[in-house]
1. Out of the residues in the stretch 323-355 that are open to solvent by 40 Å² or more (accessible area, probe 1.4 Å) and under 34 Å from the mean Cα position of the chain (by Cα), state the one that is nearest to LEU613 (Cα to Cα).
2. Is one or more of the residues making up the stretch 581-601 open to solvent by less than 10 Å² (accessible area, probe 1.4 Å), in a helix (DSSP H, G or I) and at pLDDT 95 or above?
3. Which number in (1) over 30 Å from SER439 (Cα atoms); (2) within 32 Å of the chain's Cα centre (by Cα); (3) not in a helix (DSSP H, G or I) marks the one condition that LYS173 misses?
4. Scan the stretch 25-77 for residues that are farther than 30 Å from ASN143 by Cβ, acidic (Asp, Glu) and either within 31 Å of the chain's Cα centre (by Cα) or surrounded by 14 or more Cβ atoms within 10 Å (Cβ to Cβ) (or both) and jot them down.
5. Which residues, taken from the stretch 206-247, are hydroxyl-bearing (Ser, Thr, Tyr) and out of contact with any strand residue (DSSP E or B) (no Cβ under 6 Å at 6 or more places or on another chain)?
6. Can you pull out every residue in the stretch 658-672 that is of a type in the set (D, E, K, R) and over 18 Å from GLU147 (Cα atoms)?
7. For the stretch 399-426, which residues satisfy the criterion of being among the charged types (D, E, K, R), surrounded by fewer than 15 Cβ atoms within 10 Å (Cβ to Cβ) and more than 30 Å from ALA237 (Cβ to Cβ)?
8. Identify all residues within the stretch 503-528 that are modelled with pLDDT under 95 and open to solvent by 20 Å² or more (accessible area, probe 1.4 Å); write none if there are none.
Amino acid sequence: MEKKFIVILLSVFCLNLNAANPLLSKFKTPSGTVPFEKIKTEDFIPAFDESCKAYNEEVKLIVENPLPPTFANTIVALERSGSQLKLVQAIFECLLDGENSERLMEIAKDFSPSISECYHNIYLNNILFERVKAVYAEKDSLNLRTENLRLLEKTYKEFFDRGANLSEADKEKYKKLSTELRLLEIEFRHNKQKDENQFELLLTMPEEIEGLPADVLEIAAQEAKSRDKVGYLFTLADYSYIAFMRFAQNRDLRKKLYMARSNVGNNNNENDNKETLKNIVNMRLEIAQMMGYDNYASYILKDRMAKSEDEVTSFMNGLLDHYKPLAFNEYNRLQGYVFGLENADTIQLMPWDWLYYSEKLKSLQFKIDDEMTRPYFELEKVRQGVFNLATQLYGLTFKENRKIQVYHPDITAYEVYDRRGRFKAVLYTDLLQRPSKLSGSWTSKLQNQYIDVQDVNHRPHIVLVMNFAAPTETIPSLLTYSEVESLLHELGHSLHEILSECTYASLSGTNVEQDFVELPSQIMENWLNEKEFLDRIAAHYETGAKIPAGLVKKLLDATNFNVGYDCVRQVRLSLLDLAWHTITRPFNGDFEEFERKAGLSTAVLPEIPNTLLSTSFEHIFSDDGYAVGYYGYQWAEVLEADAFSVFKKNGIFSVATADNFREFVLSKGDTDAPNNLYIRFRLKEPSIDALLKRNGLTPSIAPGEIVEEEEVGQQIEEPVPEGN
C-alpha cells in the first residue's frame, strides 16, 4: 500500500512538473507552435532529463515486445519514438543558433553527454538490433512500398553506422569517442562565434573611411553607437566585412580586416580552435577505422550520391579543368587593371585587394556596382517579391500571424497555405544581424512534416535565418545583389520543407543526402538572373520607381564576372574538407602547412603566411552534417543548372514545370534514392553542360583551350605562378 502511494505521489509530482514546464506540456498555441514567450532557459534542464527518460521507456517497449519483429512493431515504432526529445532538441538548437547566451552554451555542454547516452542506449542495444536485422532479412518478401523500404534500409544502416555491430569493448570505446566528439563540435562553434564577435575595427579619422559609401558609413556609425562608441565600427559579420573590403581605399585597413577574418579561432587565446580541430578530426578518424574504413570520408561517402573519395576528387578536378584557366585569366586581367589604375607595376594583387579592385573593374566594365543597385533591393520589398515567386510557382500564400510567439522581436511568423487554402507550414523569418546570432544564413526546423498513425498530416515549422544589416534611423535595410541571392537560396530550403508530403519525419523535407540537399535551394537563385523576376522585386526604396531596364541589363551582363575565381574558391574549400577527412593516421602536424598542401591545385592568389581558415570552418567542424559534404554545393550546382534549363525552355514561371519539380523532388524528401527522384523530373541523367553554358563556357571547348573572346566571353591567358 505504501509503495503504491509513493508511485501515485511521484506520478502527481511529474504531472505537476510537466504542467509547470512549457517544454513538457502540449502546446496550446496557433498550429501547435512553440510558446517561446513562456520558455525560460532553465526549463531545458528538466526537459532534457524527462525527454531522455521517456525516449528510453518507449524503446524499452519495442525491445520487450513478445511478438515477433515486424516492420510495424519495430521499424515504424522506432521511427515514431523519441518525439518529445527531438522537439526539445530542435527548440534548444534554434535558440542556441539564434539567441545564444553563455548559459545556453553551458546547458549544451552539460546535457550533450546525457543525450548521447540516450541514443547509445538505442543503437547499441543488442536485442533491438536483432529485431531490426530480423525485419531487414525479410525485406524482399515484405512487399514494402518504396518509402517503407527506404525507411527500413536507412534504419538498418544507421544501426551499423552507430556501432551496433561492434564488439562490446569497442561499443564502450565508441560511446566515449562519440560523446566527446559532440562536445568538441559544440566547443568549436562556440569558440568561433566568440572570437568573431570580439573583433572590432573602430575608425575615427577621415583617411580611414575614404571610399566607403554613405549608407555603409551610416550602418557602421549605428553599430558603434549600439556599443557606446563614437566613430564607425566594422566587424567580421558578412555585411560589414564585405562592404569594407569592397569600398575602403585604405589598403592597410583592408589587410587588417582580412587577416582578422582569416584567423578567427587561430589567435592563441581562450577561443583558439586548433587543439579542438585536431581532436575532432582525430576522433572522427578513430571512429571510422573502428567501423572498418580507412578514413572518415569513406565512412561518410558510402551513403551519398558521390559514393567515394575518388568520385568526389574526380568531380572537383573536372571543375578545375574548366574553371581554373578562367580564374587565372581573371587574376591576370585584374592585376593588369591594378597596374594601370595605380600607375605602378610593383603592386601585387593580394587577397585583401580582390574585392576592392574587382568592384572597381566591374564598375568600369559593366557600369554597375552594389551601391547602384542596393537602393532597389529594400528588404521588405524583396521579401514580398520572393514570397510572390513561391506563390506563382507553387500556389503558396504567406499570412503573417502575430499570435504566433517568437524568440526575438525581429522575427516574423507566417502561416503558409496552398492554392486550395490548405495549411502547409509555419515559417519564421529571422532576417537581421545581431551579436547573439551565429553568422551566415541557414534554414532550420522546429517540427518535421510527417503523417501519424491516425493519418493526420503534421505540417512543418521552419525557421529561415539571415544576417542582413539592420535599418538605421534614416534608411531601411537595403540588400546587395548577392544577399538577395542568399535569401532565395534559403527560401529554396524552406520550400523543400513546406512542400514535403512524406509519411515519416526522418525522411521528410530536407532530410536527404547531403549532396542532394542543396538542389532545391540553389535552383531558386537562378530567378535573380532573369529580367522578368528582377522587374518584379526591385523598386527604389524612396521613390518606388522600378529598377531601370538599363540597370537590369548591366546586372545580367555582369552575372559571370569572376565566375572562374568563385568556382575555384569553392573547390578549394571542398578539397580542404576532403583533406581533413581522408587522413589515415592521427593528425599532429602543422596546420598551416596542411592547408597549403590541400589547396595547391586551386591556388590562384599569392600565399599569405600566418593565416588559417580551418579554425573557423564551422560548416565541417560543428555538428551541421556538412563534414565530407562541402563538395555538395558544387555537386548540386550541376544538378540545379541542368534542372533550371527545363524552366528556361518552358518559361521561368511555368506552373506545369514547377508542379513537376514539386511532385518529383520537393515533395518526396528522402523517400527514394536522389538520383531516381532527379531522373523522374529531368527524364535523363544530369549533365554539366547546362552549368558550363550558363557560365559562358562551351562544353565542346576543351578545358584550358585558348579561344576567341566572343566564344566564351573571356580570353584565357597564361597562368600566374601558383600560390595560396
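The values are calculated or read from the model by the stated rules, or taken from the named source; none is laboratory data. Because the structure is predicted, anything quoted here is derived from the model rather than measured. Here Cβ is always computed from backbone atoms with ideal geometry, including for glycine, and neighbour counts include all displayed protein chains. Accessible surface areas use protein heavy atoms only, side chains included; no ligands, DNA or RNA. Shrake-Rupley method; radii C 1.70, N 1.55, O 1.52, S 1.80 Å.
1. LEU355
2. No, the stretch 581-601 has no match at all.
3. Exception for LYS173: condition (3).
4. GLU37, GLU42, ASP43, ASP49, GLU50
5. Of everything in the stretch 206-247, those that are hydroxyl-bearing (Ser, Thr, Tyr) and out of contact with any strand residue (DSSP E or B) (no Cβ under 6 Å at 6 or more places or on another chain) turn out to be SER226, THR235, TYR239, TYR241.
6. Our first condition is that a residue be of a type in the set (D, E, K, R); within the stretch 658-672, this holds for 659, 662-663, 668, 670, 672.
The one that is of a type in the set (D, E, K, R) and over 18 Å from GLU147 (Cα atoms): ASP659.
7. Listed by number, the residues that qualify are LYS399, LYS403, ARG419, ARG420, ARG422.
8. GLU513, GLN514
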